[in-house]
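Colleague: Handing you a structure now.
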Amino acid sequence: MKSLIAVCLLLLPLSTLADNESALPYVDLWQLHREAQGADPRILRAQAMTRSGKGNERAALGRLLPQLSASGSVNRSRREDDLGRIQYNGKRMAMVLSQVIYDPQVWRSYQKYVELTRKGQYESDDTQVQASIDLSERYFAVLAAEDELSLVRSELAATERNLKRINALYARQMAMVTDTLDLEARVDALKADEIEASNKVQVSREAISELVGRDVQEPFKRIGDSPAFTLPAQAPDYWVQTALDSNPALHAREHSIRAADAAIGEAKAGHLPRLGLNLTAQRSDIGYEGALTPRSDNLVASLDLQVPLYSGGSTSARVSSSESDKEVAQQELEALRRQVVKETRTAYLGMTAELSRIKATRHALESAEKSRMATEKAFGYGVKNAVDVLDSIKEEFRARRDFYQSQYRFVTSMLVLHRWSGRLGDGDIRKVNEWLIAPSK
């Protein structure tokens with residue numbers, strides 16, 4: 001019996017990976033992160049939105065620059081009157097240069113698009129950061145699901161072997177029928193748990209595939225035996241202030257308010273006059289009503305002044321709407337600011353709690369191992385039954401699972417802290433990736 005239990009305890013969490021996975025090379029968080037950067041639709045959409053914003057800004061700037069246009073026409077005309085009929089060809093060519101001198105509406109429109117472009121850039125940065133966090137959380141969710149499946153299978157293997165042992169003893173009237181029934185019930189329950197755990201592994205891997213755009217079947221590298229987990233040297237207030245100063249989502253909201261300010265100015269400019277310069281050069285031999293005339297060259301310089309008097313109230317309505325848009329942006333900024341403070345503090349507290357939990361679950365695992373060994377000895381002396389032994393094995397498996405999961409939560413809390421503080425970058429992903437190693441066979 002001791003040798004049987006010893007064999008069961010040698011079953012490590014990674015030993016139950018599918019055969020087709022074990023033949024594949026291991027992948028780590030950094031590899032998947034690089035794949036996701038070029039495949040995650042959210043990142044690609046954010047990049048396209050940034051390019052669109054820059055195009056809109058350039059288009060708004062173009063309205064402030066000189067506008068040059070050329071036109072030309074060739075006519076074939078026939079004229080009839082009481083004196084006779086005449087057919088002739090006519091030509092007209094013109095070139096017009098326009099330049100805005102004073103147009104506050106166009107200028108404020110350009111300022112609005114400048115702010116919207118900056119907003120889009122910060123939103124793109126925030127999207128990339130959030131995508132990195134999502135990938136990391138899903139990566140460790142896969143590890144947690146595989147741990148659960150592995151432990152269930154290990155416990156099932158141990159229970160089935162003990163069931164065979166007890167059946168053999170029962171046939172020789174050396175074991176009680178209750179032991180047999182208990183083990184059979186446990187085997188059935190573990191088989192159901194195995195199905196559920198296996199499905200959870202597939203679902204968690206599908207979540208990874210969604211981000212990288214391909215079917216991810218490779219085995220994942222896992223956290224090594226002695227990762228150097230430590231709390232940040234800075235206090236929580238430092239991280240909160242850093243988040244308020246550096247969070248890209250907050251910067252995006254701030255530029256949204258500035259864009260709303262510019263939109264208000266653009267709307268109010270509908271009440272103001274506009275002044276423009278027009279230079280026109282025209283050559284034509286077509287006169288009034290298409291009559292053929294001698295060729296003439298005309299050069300015209302003009303200042304055009306437009307003074308809006310009444311627009312049916314539409315300008316005032318646009319001003320009111322723009323002011324409401326600004327209030328919306330301000331409230332969104334305040335809501336996000338509060339969320340940033342909350343999430344930053346929560347992530348820091350999560351790191352603190354999980355670091356303590358790692359130490360506690362490590363001690364719990366050591367105690368569970370000692371308890372299992374004591375139960376094995378008691379079983380050898382006939383003091384404990386087979387169900388007691390399996391219970392002690394199950395507790396050891398649970399302690400091991402809790403130990404792993406506390407490590408995963410610590411790492412994700414660390415990344416989330418950097419995410420809200422606006423400091424999450426490739427260096428942080430690489431640091432986490434250094435803790436991941438290919439498990440020994």
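The values are calculated or read from the model by the stated rules, or taken from the named source; none is laboratory data. These numbers come from a predicted model, not from an experiment. Don't worry about glycine lacking a Cβ; one is built from the backbone with ideal geometry, like all the others, and counts go over all protein chains shown.
Colleague: Of the residues 225, 261, 297, 245, only one is under 30 Å from residue 67 (Cβ atoms) and either within 35 Å of the chain's Cα centre (by Cα) or part of a helix (DSSP H, G or I) (or both); which?
Modeller: Every option except 261 fails the conditions.
Colleague: Restricting to region 158-168, count the residues that are out of contact with any Ser or Thr (no Cβ under 9 Å at 6 or more places or on another chain) and surrounded by fewer than 22 Cβ atoms within 10 Å (Cβ to Cβ).
Modeller: Total satisfying the criteria: 5.
Colleague: A follow-up question, please. Condition (residue is part of a helix (DSSP H, G or I), more than 21 Å from the chain's Cα centre (by Cα) and farther than 30 Å from residue 96 by Cβ) applied to region 209-217: is it met by at least one residue?
Modeller: There is no residue in region 209-217 that is part of a helix (DSSP H, G or I), more than 21 Å from the chain's Cα centre (by Cα) and farther than 30 Å from residue 96 by Cβ.
Colleague: May I pose another question? Inspect region 318-335 for any residue being in contact with a Lys or Arg (Cβ under 7 Å, 6 or more places away or on another chain), farther than 18 Å from residue 111 by Cβ and of a type in the set (D, E, K, R) and give the result as yes or no.
Modeller: Looking through region 318-335, at least one residue is in contact with a Lys or Arg (Cβ under 7 Å, 6 or more places away or on another chain), farther than 18 Å from residue 111 by Cβ and of a type in the set (D, E, K, R).
Colleague: Right, another one. From 131, 145, 141, grab the single residue that is in contact with an Asp or Glu (Cβ under 8 Å, 6 or more places away or on another chain) and touching a residue at least 40 places away in the same chain (Cβ under 8 Å).
Modeller: 131
Table: residues versus (1) without any contact (Cβ under 8 Å) to a residue 12 or more places away in the chain; (2) touching a strand residue (DSSP E or B) at 6+ places or on another chain (Cβ under 6 Å); (3) under 30 Å from residue 412 (Cα atoms).
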{"position": "352", "(1), (2), (3)": "no, no, yes"}
{"position": "375", "(1), (2), (3)": "no, no, no"}
{"position": "381", "(1), (2), (3)": "yes, no, no"}
{"position": "387", "(1), (2), (3)": "no, no, no"}
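Colleague: Since residue 229 meets every condition but one in (1) farther than 28 Å from residue 35 by Cα; (2) among the hydrophobic types (A, V, I, L, M, F, W, C); (3) in contact (Cβ under 8 Å) with a residue 60 or more places away in the chain; (4) surrounded by fewer than 18 Cβ atoms within 10 Å (Cβ to Cβ), which condition does it not meet?
Modeller: (1)
Colleague: Residue check: is residue 205 farther than 30 Å from residue 52 by Cβ, assigned to a helix (DSSP H, G or I), in contact (Cβ under 8 Å) with a residue 40 or more places away in the chain and out of contact with any Gly (no Cβ under 8 Å at 6 or more places or on another chain)?
Modeller: Taking the combined requirement at face value, the residue satisfies it.
Colleague: Can you confirm whether residue 344 is on the phi < 0 side of the Ramachandran plot and at pLDDT below 95?
Modeller: For residue 344, the condition - on the phi < 0 side of the Ramachandran plot and at pLDDT below 95 - is not met.
To keep it simple, each residue is scored yes or no on (1) touching a Lys or Arg at 6+ places or on another chain (Cβ under 7 Å); (2) farther than 28 Å from residue 129 by Cβ; (3) modelled with pLDDT of 95 or more.
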position	(1), (2), (3)
193	no, yes, no
201	no, no, yes
213	no, no, no
227	no, no, no
250	yes, no, yes
255	yes, no, yes
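Colleague: Return the residues of region 38-73 that are hydrophobic (A, V, I, L, M, F, W, C) and closer than 30 Å to residue 207 by Cα; say none if nothing qualifies.
Modeller: Residues satisfying the conditions are 39, 43, 44, 46, 48, 49.
Colleague: Identify the residue in region 392-422 that is part of a helix (DSSP H, G or I) and either among the small types (Gly, Ala, Ser) or free of Cβ contacts under 8 Å to residues at least 12 places away in the same chain (or both) and, among all such residues, is nearest to residue 131 (Cα to Cα).
Modeller: 418
Colleague: Additional query: Do the conditions hold for residue 108, that is, is it farther than 19 Å from residue 284 by Cβ, in contact with a Gly (Cβ under 6 Å, 6 or more places away or on another chain) and of a type outside the set (Phe, Trp, Tyr)?
Modeller: For residue 108, the condition - farther than 19 Å from residue 284 by Cβ, in contact with a Gly (Cβ under 6 Å, 6 or more places away or on another chain) and of a type outside the set (Phe, Trp, Tyr) - is met.
Colleague: If you take the residues of region 347-389 that are hydrophobic (A, V, I, L, M, F, W, C), part of a helix (DSSP H, G or I) and over 48 Å from the mean Cα position of the chain (by Cα), which of them is farthest from residue 155 (Cα to Cα)?
Modeller: Per the stated criteria, the residue is 378.
Colleague: Output the number of the condition that residue 154 fails; it satisfies all remaining conditions of (1) surrounded by 18 or more Cβ atoms within 10 Å (Cβ to Cβ); (2) not in a helix (DSSP H, G or I).
Modeller: All conditions pass for residue 154, except number (2).
Colleague: Answer yes or no: is there a residue in region 104-114 that is touching a Pro at 6+ places or on another chain (Cβ under 6 Å), assigned to a helix (DSSP H, G or I) and either surrounded by fewer than 22 Cβ atoms within 10 Å (Cβ to Cβ) or modelled with pLDDT of 95 or more (or both).
Modeller: no
Yes/no per residue for (1) part of a helix (DSSP H, G or I); (2) within 25 Å of the chain's Cα centre (by Cα); (3) crowded, with 18+ Cβ neighbours inside 10 Å; (4) of a type in the set (Lys, Arg):
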residue: 46; (1), (2), (3), (4): yes, yes, yes, no
residue: 51; (1), (2), (3), (4): yes, yes, no, yes
residue: 58; (1), (2), (3), (4): yes, no, no, yes
residue: 69; (1), (2), (3), (4): no, no, no, no
residue: 79; (1), (2), (3), (4): no, no, no, yes
residue: 87; (1), (2), (3), (4): no, no, no, no
residue: 128; (1), (2), (3), (4): yes, yes, yes, no
residue: 138; (1), (2), (3), (4): yes, yes, yes, yes
residue: 147; (1), (2), (3), (4): yes, no, yes, no
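Colleague: So which residues in region 425-441 are more than 29 Å from residue 246 (Cα to Cα) and part of a loop (DSSP other than H, G, I, E, B), if there are any at all?
Modeller: 438, 439, 440, 441
Colleague: Given the residues 354, 369, 396, which is the only one that is among the acidic types (Asp, Glu) and surrounded by fewer than 21 Cβ atoms within 10 Å (Cβ to Cβ)?
Modeller: Result: 369 is the single residue among 354, 369, 396 that is among the acidic types (Asp, Glu) and surrounded by fewer than 21 Cβ atoms within 10 Å (Cβ to Cβ).
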